[in-house]
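Asker: Mind having a look at this structure? Questions to follow.
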Amino acid sequence: MLLDRKARITKTENWGSYFLISLATPDIARQSQPGQFLMIKVSSSLQPLLRRPLSIHNRSGQEIEIFFQVTGEGTRLLGQKSPGDLLDILGPCGHGFSLKPEFKGKEIFCIGGGRGLAPVYFLARELQTGGARPIIFYGGQTLSDLPLKSRLEEAGWTTNFSTDDGSFGFRGLVTQLVEKELKGRKPAFLFGCGPEAMMARLAEICQAARLPAEFSLESNMGCGLGVCWGCARKIRKDGKTGYLRICQDGPVFPAEEIIWDRD
Amino acid sequence: MADLSVDLGFLKLKNPVIAASGTFGYGLEFQPLYDLNLLGGFVVKGLYFGPREGNPPPRLAETPCGLINSIGLQGIGVEAFCREVLPPLASLKTALIANICGEDEDEYARVAEYLSQYKGLAALELNISCPNVREGGKCPAQGTEATYRTVKRVRQASSLPLITKLSPNVTDIISIALAAEEAGSQAISLVNTFLALAIDLETRKPKLGHVLGGLSGPAIKPLALRMVFEASRKIKIPVIGLGGIFSAQDALEFMVAGASAVEVGTANFVNPYACPEIIKGMENWADQNGIKRINEIVGTLRV
């Protein structure tokens, strides 16, 4: 059930344009599933007007964490918040990743590109709780795009890093690293979140490898509640193609339902 | 406690606040959040006869204190609406209003006729003012003749009370409002969104897939207030005012300008509890100001 809460910020961390914010919000924390998101009011004025949709990065007891990159005015204002500030949040919104009982004992590939790592941390934790073995891939253009590198390493999961410029980990795209790892591993499923081109390429790789997959899509949103239809995207479902809402019908969709925007 | 009820003549509302079409889904989406019976009424998402795909994304562009949308009236059509949506809503004790659309006058009439067979609707809101469905944002509400003809045609097709939603994208709102009145509309709702453009300078492309869209939100409030003021002084039928209402104060200003009731739109996106909070705020204001009946303030602008 969707809840409307004033959540107090308990901690903020920052690396360049990336931010990690902890929020005390017990009942939203309790209900949250990996892949779901919050609609956050970043200003108490009418400017910017709309809430910002942000993935739930982690749940820790009564707290929720969000991880984001400053990409515009809304996230810039959010990055200026301090511990003690109250944030007006709605959530948990949308449908998250499908965590299946049959994942138990299996390797599951979890790919986060840049800020797309946001839902991957929570996902990996829940996969581990369910007895699956998450294999993490975290890619960025350069080392500074991997601010949560040590956090992933500390979690104890098998983690693979890539940077386009080779400043850390595998030199190249995270998709190339996934392809390389697929030669030696046979995961049961792949989850991904990141830039459109990254997810589109992963979908091709998965199709070729007959690996089932789900991706979390990003969009500007008007409401996050499924009423405005502003975040619609062409989705192929039950043999039909039509506009579905990323906020309500997603943000996570099975790979085969997504029609990729290759521009 | 002040009496918030308003009488539009053809329809009594328990309070003046109606959730606006396109911002409230089919109502069902808000049911888990609060009791819809708190509302004066709500207008469901625009209905064509058949299902409609809507416009290509991106469909939203945020602007200073505003939002440009080009959704394009994506929707399920009247048959699915009457089969799946109407039954659970029909027992509500609030005014349920259907927003009706058409590619041409025939379709408007067919939609109105179809809906009239069902119980549960308090009125039809005739959407002749969506800027997102025809080339260049054109709509029937931009001409007195097209307005008159469409209203007349729907009037003949249905016995349900008719509210005609007008476009602000006109040079003379009074003549269009008079045309709607003359053709038999029992009320007008004013304003729909302002035809608008947002540009991405880097790519020199429009921010919306449909190029143009409709601007809503607090940015348009002063423009909408002016039009409600102008139109309400010249027509006899009630005006339902809308355009950027985000607070009780905004709603009350519309009533002072001449609106008998108001619709709340974009605010529902930002704050899903906007409508009940505005109702509560209006009640508090009336009590604090010794207003016994809220309809006392309608059209009381001191000029």
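Asker: A:ASN160's amide H: which non-local residues (gap 5+, or another chain) put their own amide H closer than 5 Å, with H modeled 1.01 Å from N in plane and none for Pro or chain starts?
Answerer: The answer is A:ILE136, A:PHE137, A:TYR138.
Asker: Could I ask something else about it? Where the only charges are on Cβ atoms (+1 Lys, Arg; -1 Asp, Glu), what is the dipole of the protein assembly as shown about its Cα centre, to the nearest 20 debye?
Answerer: Rounded to the nearest 20 debye, it is 460 debye.
Asker: Next question. Using only Cα atoms, figure out Rg for the protein assembly as shown and give it as a multiple of 2.2 N^0.38 Å.
Answerer: 1.03
Asker: Then there is this: For A:LYS186, give me every one of the aspartates and glutamates with a C-alpha distance below 14 angstrom, ignoring sequence neighbours fewer than eight places off in its own chain.
Answerer: Candidates past the 8-residue exclusion: A:GLU107.
Asker: Just grab the label-to-label distance for A:ARG76 and A:THR142, each label 7 Å out from Cα along the Cβ direction, in nm (one decimal).
Answerer: 2.1
Asker: May I ask you to derive the relative contact order of chain A, considering only C-alpha pairs under 8 Å and at least 6 residues apart, and to give it as an integer percent?
Answerer: RCO, chain A: 17 percent.
Asker: Other chains' Cβ within 10 Å of A:48-56 residues: what's the mean?
Answerer: Mean inter-chain Cβ contacts per residue within 10 Å come to 4.
Asker: How many angstrom lie between the Cα centre of the range B:57-135 and the Cα centre of the range B:1-31?
Answerer: Centre-to-centre distance over Cα atoms comes out at 16 Å.
Asker: Also, I was wondering about something else. 7 Å from Cα along Cα→Cβ at both A:ASP261 and A:LYS6: what's the point-to-point distance in nm?
Answerer: The two pseudo-label positions are separated by 3.6 nm.
Asker: Note down, for the range A:1-157, the three equivalent ellipsoid semi-axes (square root of 5 times each alpha carbon gyration tensor eigenvalue), biggest first, whole angstrom.
Answerer: 26, 19, 13
Asker: Can I ask one more? Apply 1/(1 + (r/R0)^6) to the Cβ-Cβ distance of A:SER98 and A:SER60, taking R0 = 25 Å, and write down the FRET efficiency to the nearest 0.05.
Answerer: With R0 = 25 Å, the Cβ-Cβ based efficiency is 0.65.
Asker: Take the alpha carbon gyration tensor of the range B:203-256, find the square roots of its eigenvalues, order them as a ≥ b ≥ c, and report rounded if a/c is under 1.5; if not, report prolate when a/b exceeds b/c, else oblate.
Answerer: Verdict is prolate for the range B:203-256.
Asker: Quick one: Cα convex hull volume of the range A:3-93, Å³ per residue?
Answerer: Dividing the Cα hull volume of the range A:3-93 by its residues yields 83 Å³.
Asker: What ranking of B:LEU4, A:LEU123 emerges when the number of other C-beta atoms within 10 Å of each C-beta is taken as an exposure proxy, fewest first?
Answerer: Fewest to most other Cβ atoms nearby, the residues stand as B:LEU4, A:LEU123.
Asker: How large is the convex hull of the Cα atoms of the range A:175-263 per residue, expressed in Å³ as a whole number?
Answerer: Per residue, the Cα convex hull of the range A:175-263 comes to 99 Å³.
Asker: Shielding by partners for B:262-269, please: the mean number of other protein chain Cβ atoms within 10 Å of each residue's Cβ.
Answerer: Partner-chain Cβ atoms within 10 Å, mean over residues of B:262-269: 3.
Asker: Which whole number gives the average, over all residues in A:122-128, of C-beta atoms from other chains lying within 10 Å of the residue C-beta?
Answerer: What the average comes to for A:122-128 is 0.
Asker: OK, next. What does the net charge come to around B:GLU29 if you take all other residues with beta carbon closer than 15 Å to its beta carbon, with K and R at +1 and D and E at -1?
Answerer: -2
Asker: From the helices alone, meaning DSSP H stretches of at least four residues, give me the mean residue ellipticity at 222 nm for chain B, per-run term -39500 (n - 2.57), in deg cm²/dmol to the nearest 500.
Answerer: My calculation for chain B gives -8000 deg cm²/dmol from helical runs alone.
Asker: What do the square roots of 5 times the Cα gyration tensor eigenvalues come to for the range A:65-179, in whole Å, largest first, as semi-axes of the equivalent ellipsoid?
Answerer: Semi-axis lengths for the range A:65-179 are 25, 21, 12 Å.
Asker: Arrange the following residues from fewest to most other Cβ atoms within 10 Å of their Cβ: B:ARG302, B:ARG226.
Answerer: B:ARG302, B:ARG226
Asker: Treat the count of other C-beta atoms within 10 Å as a stand-in for reagent exposure and order B:PHE81, B:PHE42, B:PHE10 from fewest to most.
Answerer: B:PHE10, B:PHE81, B:PHE42
Asker: Provide, as a two-decimal number, the C-alpha radius of gyration of the range A:119-205 over 2.2 N^0.38 Å, N being how many residues it has.
Answerer: Working it through for the range A:119-205, the quotient is 1.04.
Asker: Tally Lys/Arg at +1 and Asp/Glu at -1 over every other residue whose Cβ is under 13 Å from the Cβ of A:TRP15; what's the total?
Answerer: Result for the neighbourhood of A:TRP15: +1.
Asker: Can I ask one more? I'd like the Kirkwood hydrodynamic radius of chain B, using the inverse of the mean 1/r over distinct C-alpha pairs, in Å.
Answerer: In chain B this quantity evaluates to 19.0 Å.
Asker: Of the peptides B:175-183, B:99-107, how do they stack up when ordered by the mean number of other Cβ atoms within 10 Å, highest first?
Answerer: Those peptides, ordered most packed to least, come out B:175-183, B:99-107.
Asker: Using only the Cα atoms, work out Rg/Rh for chain A, with Rh taken as the Kirkwood radius, to two decimals.
Answerer: Checking Rg against Rh, the ratio lands at 0.95.
Asker: Can I ask one more? Please give the contour-minus-distance gain from B:LYS280 to B:THR300: 0.36 nm per residue of separation, less the Cα-Cα distance, rounded to one decimal in nm.
Answerer: Separation in residues times 0.36 nm, less the Cα-Cα distance, equals 5.1 nm.
Asker: Pairs A:LYS11/A:LYS180; B:LYS119/B:LYS152; A:LYS81/B:LYS221: which exceed 27 Å Cα-Cα?
Answerer: Where the Cα-Cα span goes over 27 Å, the pairs concerned are A:LYS11/A:LYS180; A:LYS81/B:LYS221.
Asker: While we're here: Write down the radius of gyration of the range A:48-129 and its Dmax, each obtained from C-alpha positions, in Å.
Answerer: 14.8, 46
Asker: Please say if the range B:132-257 is rounded, prolate or oblate, where rounded means a/c under 1.5 for a ≥ b ≥ c the square roots of the C-alpha gyration tensor eigenvalues, and otherwise the choice is prolate for a/b larger than b/c and oblate otherwise?
Answerer: Oblate shape, in that a/c is at least 1.5 and b/c is the bigger or equal ratio.
Asker: Mind listing the long-range amide H neighbours of B:LEU39? Cut-off is under 5 Å, sequence gap 5 or more, other chains count too, H placed in the peptide plane at 1.01 Å from N.
Answerer: none
Rule-based calculations on the coordinates, nothing more; no lab input. Keep in mind that what you see is a predicted model, and the values were worked out from it rather than measured. Don't worry about glycine lacking a Cβ; one is built from the backbone with ideal geometry, like all the others, and counts go over all protein chains shown.
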